[in-house]
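Novice: After the structure tokens below, expect a handful of questions from me.
The values are calculated or read from the model by the stated rules, or taken from the named source; none is laboratory data. None of the values given here were measured: they were computed from a predicted structure. Here the Cβ positions follow ideal geometry from the backbone for every residue, glycine too, while neighbour counts run over all protein chains shown.
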């Protein structure tokens, strides 16, 4: 459990009913010149190209933002509402966006405060964090709810300078299933995926158009997403060449703010889509 947060995470029973839940040998001695004659000089390969940094155009900005005492505010799109937090260090420059998807029974505001923008690192965080609404108190439908996520991303980018190559999906439990499904199927839009206590569901790692970054933390006694299942998902990701950063820690299915502030969110530094 996470301590010190102002809000208490709503723990959910029944997440298992969610639609999709589920060294090389050391080198030998170097050859002598007699054993390995020097080849004649040939053309050299060109240096690898450095990915172009393309944050996209600056936003026009928006009005009507009313923050609460902790700095959170809510906006609505044609698909759903969402809760947002903009860090104190934001100065109108291209910024990473973390897009949160809560678990069954939780809500957008609560998830925004304990996972996407953890209270103990909020004063120094560098990313803009949003938590998508529209499914408060219930589970996500991976076949129908992607539009809510994309609409929220597009909307916050009209207000604040979201670096278009630095958008990260973040999901817990049911939200993790949707994060995997959307992040892998539309990988060109995302810099990475961070996951707590969840699984691939029906998502296919082979669907990713590039080797998208993934960080996943699992609790050893999670009854909804047991390690045997999680290990299988990790094997699929690694077999597809996905650069997976993984961790197993003590705990059951309950969400833990420390998982986010000390493991998941620090991993996104430097992540960028091609």
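Novice: Can residue 59 be described as touching a strand residue (DSSP E or B) at 6+ places or on another chain (Cβ under 6 Å), assigned to a loop (DSSP other than H, G, I, E, B) and at pLDDT 50 or above?
Specialist: So residue 59 does not fit the description; no.
Novice: Name, by its number, the condition in (1) more than 22 Å from the chain's Cα centre (by Cα); (2) at pLDDT 95 or above; (3) over 18 Å from residue 151 (Cα atoms) that does not hold for residue 78.
Specialist: Answer for residue 78: the failing condition is (3).
Novice: One residue is enough: does segment 261-273 have a residue meeting the conditions touching a helix residue (DSSP H, G or I) at 6+ places or on another chain (Cβ under 8 Å) and closer than 19 Å to residue 188 by Cα?
Specialist: Yes: segment 261-273 contains one or more residues that are touching a helix residue (DSSP H, G or I) at 6+ places or on another chain (Cβ under 8 Å) and closer than 19 Å to residue 188 by Cα.
Novice: Evaluate segment 240-259: report whether one residue or more is part of a helix (DSSP H, G or I), more than 21 Å from residue 119 (Cβ to Cβ) and over 13 Å from the mean Cα position of the chain (by Cα).
Specialist: Scanning segment 240-259, I find no residue that is part of a helix (DSSP H, G or I), more than 21 Å from residue 119 (Cβ to Cβ) and over 13 Å from the mean Cα position of the chain (by Cα), so the answer is no.
Novice: Okay, moving on. Can you say whether residue 159 is more than 19 Å from residue 215 (Cβ to Cβ), buried (at least 22 other Cβ atoms within 10 Å of the Cβ) and over 16 Å from the mean Cα position of the chain (by Cα), as far as the supplied structure shows?
Specialist: Answer is no for this residue.
Novice: Could you say whether any residue in segment 106-123 is more than 20 Å from the chain's Cα centre (by Cα) and surrounded by fewer than 22 Cβ atoms within 10 Å (Cβ to Cβ)?
Specialist: yes
Novice: Still on this structure, I have one more. Sort out which residues of segment 194-211 are in contact with a helix residue (DSSP H, G or I) (Cβ under 8 Å, 6 or more places away or on another chain) and surrounded by fewer than 24 Cβ atoms within 10 Å (Cβ to Cβ), and write them in order of number.
Specialist: Correct list: 201, 202, 204, 205, 207, 208, 209, 210.
Novice: Going through segment 224-239 one residue at a time, which ones are in contact with a helix residue (DSSP H, G or I) (Cβ under 7 Å, 6 or more places away or on another chain) and either in a loop (DSSP other than H, G, I, E, B) or under 19 Å from residue 252 (Cα atoms) (or both)?
Specialist: 224
Novice: A further question follows. Residues of segment 66-86 being out of contact with any strand residue (DSSP E or B) (no Cβ under 7 Å at 6 or more places or on another chain) and part of a loop (DSSP other than H, G, I, E, B), which ones?
Specialist: 68, 69, 70, 77, 78, 79, listed by residue number.
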